[in-house]
Amino acid sequence: MQVSYDRAVDCLPDDFVAQVYRAAGRSEVRDAVVKVYEDLQREIDARRPRCDASGRCCRFEEFDHRLFVTTIELATFLYELETRDWPPREKWNGAGCPFQVGGLCSVHPIRPYGCRIFFCDATAASWQHEQYERFHARLKRLHQELDVPYIYMEWRSALRALDLPELAQSQFSFDSTTQAGKLSTV
Ligand code: SF4
């Protein structure tokens, strides 16, 4: 989940929302992302890193890390979020991930790549690092192959930029004075 392989943007492009929606509407984009997730799941099933389902990794401030996503992941997530029925979410208090409800992920089937690869199992750290690099590189290549602008951005900044209803009243803003992906409350 942490940025260590790629520098995230510290300012989203003006046409960011249009780019995400355009990509979300393309089935070949969504299919390609789902294929990456399926292949990753096979690696996870083979390695079986431990997950205690504590939900701590989604409480970013507590865990002291951030989730970053690419354009096509966000587009796929957005499409699935808007075209499927989901249980109602609690009002977001501005901390952690807005999709964590009662300690669990309310969008588990469509969660982004960073959520899928992250395990707090210390014995899986090097495996996780390798897989992150490998699958992230594949996601990055797909942007070029599918002619979608590659943007690597912090999760909640991206959600807010998309003005998802649940986030419209969020208390987050991007801190442009810090390094990429740093959020600050206002
Ligand atoms: S999308 Fe789900 S798994 Fe990912 S950070 Fe949010 S609640 Fe956690």
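The values are calculated or read from the model by the stated rules, or taken from the named source; none is laboratory data. Just so it is clear, the model here is predicted, and its values are computed rather than measured. So basically every Cβ, Gly included, is an ideal-geometry build from the backbone, and we count neighbours across all protein chains shown. With ligands, DNA and RNA removed, areas are computed over all heavy atoms of the protein, side chains included. Shrake-Rupley method; radii C 1.70, N 1.55, O 1.52, S 1.80 Å.
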Kindly indicate whether any position in segment 102-112 is free of Cβ contacts under 8 Å to residues at least 60 places away in the same chain, in contact with a Gly (Cβ under 7 Å, 6 or more places away or on another chain) and either open to solvent by 20 Å² or more (accessible area, probe 1.4 Å) or under 20 Å from residue 79 (Cβ atoms) (or both).
yes
For segment 113-127, give me each residue that is more than 13 Å from the chain's Cα centre (by Cα) and either open to solvent by less than 10 Å² (accessible area, probe 1.4 Å) or away from the ligand (no atom under 15 Å from the Cβ) (or both).
121, 122, 123, 124, 125, 126, 127
Can you list residue pairs whose Cβ atoms sit under 7 Å apart, with the first residue in segment 156-172 being at pLDDT 50 or above and the second being surrounded by 18 or more Cβ atoms within 10 Å (Cβ to Cβ) and assigned to a strand (DSSP E or B)? Count only pairs 6 or more apart in sequence or on different chains.
156/172; 156/183; 157/174; 157/183; 158/69; 160/172
Can you list residue pairs whose Cβ atoms sit under 6 Å apart, with the first residue in segment 36-49 being outside any helix (DSSP H, G or I) and the second being at pLDDT below 95? Count only pairs 6 or more apart in sequence or on different chains.
49/119; 49/121; 49/124
Being within 13 Å of residue 56 (Cβ to Cβ) and in contact with a helix residue (DSSP H, G or I) (Cβ under 8 Å, 6 or more places away or on another chain) is the filter here; which residues of segment 91-120 pass it?
95, 96, 97, 100, 105, 115, 118, 119, 120
Please enumerate the residues belonging to segment 50-60 that are part of a helix (DSSP H, G or I) and either surrounded by fewer than 16 Cβ atoms within 10 Å (Cβ to Cβ) or away from the ligand (no atom under 11 Å from the Cβ) (or both).
56
Looking at residue 72, is it in contact with a His (Cβ under 8 Å, 6 or more places away or on another chain) and touching a residue at least 24 places away in the same chain (Cβ under 8 Å)?
yes
